[in-house]
Structure formats: structure tokens, C-alpha cells
Amino acid sequence: MGVDAMLTHQSLRRLVEPGRVHRSLYTDPQIFALEMERIFGAAWIYVGHESQVPQVGDFVATRIGLKPIVLVRHEDGKVYALHNQCAHRGAMVVAPEAGNAHEFRCCYHGWTYHTDGRIKSIPLQHGYPACLDPKDPKLAMVQVPRVTSYRGFIFASLATDGPDLQEFLGYAATSLDDMVDRAPDGEIEAAGGVFKHAYNGNWKLYLENLCDAAHPLFVHQSSIEAAKAQADTVHSDGSGEIAVRQMRQNAAPYSFWESQVGIWTYTNGHSFLGDYHDDAKLVAAMNDPVFRDYIAKLEARKGKERAKKILEVRRWNTNVYPNLSFMSQFQQLRVVHPVAPNRTVVYTYNFRLKGAPEAMFEQTIAFANIVNGTGSLVLTDDLETYGRIDAGLSSEGAEWLQIGRGFTSDTADATGGVRGKNSTSEVYIRNMYDAWLTYMTGEGQPVRAAAQ
Ligand code: FES
Ligand SMILES: [Fe+2]
């Protein structure tokens, strides 16, 4: 089956069936272009954290879909997202990835902009026709219409209307709460730079992998073996112990994933793998001396009861569709940047818990180096897999990709979502395709729906 030259709603709906999707969703340039317009052009897209732009004039360059934007704190204290394009002849105005500026000046002919995007000065303005009005808001670094933050996490939407951020996030907001609540001082900050990696494959593969409990045993076999061979005593100071535990835990058998860990999904494509980190199961390592020190600080600030409640949230990755995946326990946050149907870039940020011992942040970086960083022993396996999917899809093999595991046992959940019976359910992929269809056609389809 080929994709229709004109992608009608009907033809798009035909590509997503209960339990399976057409492989062109991962390769077709027309579909990719439509996704950029209808998903990335409509949803709330994570664009940065308040701690990346704390001072007036601080800016971070990023993208919404393929569109370059600049996130900047203006002198009115607000954060704006500006299209990174000069109103003169189109050059991208802000080239550095981050910095501080009192104005933005285009490199080409020197048009200059205030940090809220308004034109400040136009060289040789007398030469232009009188109708060129520098106060015209369209003659500016145009503002992205909606920018809102939730507990420091900044999202922007290219759409002028639609659900507000809170409604968009729904129950997934509790995972962002979890990320912040873990800080004894109640604040977190992005720190330690950014890991960047790219892979040859579609952007959707990334979120599909981040809650995939059925893959570690195979994909991460080499690092599992290496970690098993690692003596416990090597890290007598505790450093790196958590990362080694993580690699070993990837060896957990199916019986573990099918009984101990769950997956929850919510409207708009969001999901998380839950029931995860605790000493009895996976890598929480609460007896690690650094964690003990941290817990003592948390209890001192919040009280024993509240600290207990905070630490009881044991989620692995939370995906906020379409471009964000994060893990509260080790303060990792990944932003997905689609580049082409078969090319994706991911930025990984680490966060410091304010008020926590500095060694906690060192644990965060150690964990990232092993699991999420560019030279990670674990991530590199996943990147290889994405590339192999892309290579596999270039064959003339099976036309439909199977996402039906757990389909008959998904159940409605008291938190308002749908839960896979256990973490090996592909319910979260079906859930993302529910959202995909809604964005792409304006109509949902019960790809995810719980069996009644
Ligand atoms: S393109 Fe920016 S000043 Fe000419
Ligand atoms: Fe993996």
C-alpha cells in the first residue's frame, strides 16, 4: 500500500489500526511534513526550563519541530519564544545556543531587535518606502503565540488556541511535580551542560523506546554482561554504583516486568512506567550513603511524612508527547528534535536538586554518563536499534508493524488513564497513536481503548 499523494483524513486513518500501524508512518516524507505542521504546530512543545533563562537577557536557542526559535527573558521579567528569523531578508538572527544579550542583532545587515522581538533599529531606514512600519508586530522577530510554564518547565505552542497547558498535561503533570518536589528547597536547575546525540531513524521511535520494558534484556545484553562482571568493591566510595546497578537490572527477566512494574497512559499521548524505583526492585539505592544524606535533608525541610510521600513516587520515564521524556529519580530530561523522517536529534539535560547534597548531582551525572550520555554504554545500544529499524523499514518486508501486545488486558485506571496490565504492554504506543490520529485528523480513534 502506498500513501496517497494527497493525505486525506481517511487515508491517514487507514494507517493506524487497533494493534498495528503502517510502516510508512516512520519513513514517508509527506507524513513527516504533516506531523511537523499538525502535531508540532499544534501541541504544547517543551522548549526549556526557567533555570536556563534566570536573568533578564538570558536566552536559549531551540526548535519547535523544524522551526528555530529563541527562548528569552525580556526586561519585563517574562519569557518569550521568538521565531528566530530576521524580518529583513530572513537570516536566522541568534546563532549561539545560549547566552545573555540586551538586544539581538542580525549578522547580515544589522537589523536589531529588542529581546521581546520588537524592532529596535533598522540601518538605512530612510531608504525604505514610508509604509515600512518598524512597529508592525509582523515586522519583528515574531512571538510564538503561547508560552507557559508549569513548575519551571516551559512549553510553547504555535497554535493560538487549544487546551491550556494544564489541560494538555493532565495527570502527566504529577511527574513534573515529582521532579521538583524531590528538591529539598523545592526548586531544580538545569546544570552540567547538555548531552546531544543523533540517530538515523524516526522521532517517534525515541518515545516508543523510553517506556519499553521488553527490550533491555536483548538490546542491552553487552552492558548487562559487563556490569555482572564488575566487582561490587570497585566503587568503595559509592560512585558509579547506581549506574552499575542499573545495567544489571536491565537483566531482569520477563517475569519481573510482567509482575512488578506497570505502565500508565493518559490523553494526548502521555505515559509513564511506574512502580519502579525502590530497593526491593530497581535502582533506587536508598541505602547509598549519598541518598541517606539526601533523604535526611529532605526530611529536615519537608518533614518525615511529606518526605516519605515524595519518595514513594517511583516512576521510571514519563513521556509528554510529542517531544519530552524525563525521569525524576535521577533528574534526567530528554528533548526530542525531529530533523527528517529518518533523522532525529535528542538533547539530554541533567538537573540539580536545590538543597540536596552536591554528591546527589554527581550521582545524576554518573547515571547520565552510563545511561543517557553520548558515550553511554546503554544509550549506544538503543541508537544502534533505531538505525536497524530504519534499515529494516527500507526493505520490502512486513507492511504493518505490531503494537498490539497487551491489547486485551489494558484496563481503565482510577487516575483517569488506561493502564497496561503490566509493563510489557504496548499500550503506551497505542496511546501515542490515539494522540497522533487526533492531531493529524482532528478525530481520535480507540487504538488504545481499554478492553471492556
Ligand atoms: S537579513 Fe537580517 S538584516 Fe538583512
Ligand atoms: Fe534501552
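The values are calculated or read from the model by the stated rules, or taken from the named source; none is laboratory data. As the structure is a computational prediction, the values presented were derived from the model and not from experiment. Here the Cβ is made from the backbone with ideal geometry for all residues, glycine too, and neighbour counts use every protein chain on show. SASA here: full protein model, heavy atoms, side chains in, ligands and nucleic acids out. Shrake-Rupley method; radii C 1.70, N 1.55, O 1.52, S 1.80 Å.
General observations
- Size estimate for the range 75-125 follows the Kirkwood approach: the inverse of mean 1/r over distinct Cα pairs works out to 11.4 Å.
- Measuring how big the chain is from its alpha-carbon positions, Rg and Dmax come out at 23.0, 77 Å.
- A probe of 1.4 angstrom, applied to the heavy atoms of all protein chains, finds Trp264 with accessible area near 30 square angstrom.
- Compactness of the range 172-441 was expressed as the Cα radius of gyration divided by 2.2 N^0.38 Å, which yields 0.99.
- The chain, relative contact order in percent, only Cα pairs under 8 angstrom and at least six apart counted: 20
- Spatial extent of the range 45-150: Rg and Dmax, with the Cα atoms as the point set, Å: 13.5, 46
- Cα-based helix-to-principal-axis angle, 29-38 vs the chain, degrees rounded to 10: 80
- GluC sites (Glu not before Pro) within the range 285-369, DSSP loop, no more than 13 other Cβ atoms inside 10 Å: Glu312
- Unit Cα scatterers, Debye sum, the range 369-429: log10 I(q)/I(0) for q = 0.28 Å⁻¹: -1.00
- Between the exposed loop cleavage positions of the chain, defined as trypsin sites (Lys or Arg not before Pro) in a non-H, G, I, E, B DSSP state with at most 13 neighbouring beta-carbon atoms within 10 angstrom, the longest gap is 139-452.
- Sorting Leu139, Leu298 by accessible area puts them as Leu139, Leu298; the probe is 1.4 Å, largest comes first, and only protein heavy atoms count.
- Measuring from each cysteine beta-carbon in the chain, the ones with no other cysteine beta-carbon under 4.7 angstrom are Cys107, Cys131, Cys211.
- Neighbourhood charge, 13 Å Cβ-Cβ cut-off, centred on Glu75 and excluding it, Lys, Arg +1 and Asp, Glu -1: 0
- Where GluC sites (Glu not before Pro) fall in DSSP loop in the range 1-96, at most 13 other Cβ within 10 Å: Glu75
- Only Lys, Arg, Asp and Glu carry charge here, each on its Cβ (+1 for the first two, -1 for the last two); on that basis the chain has a dipole of about 440 debye about its Cα centre.
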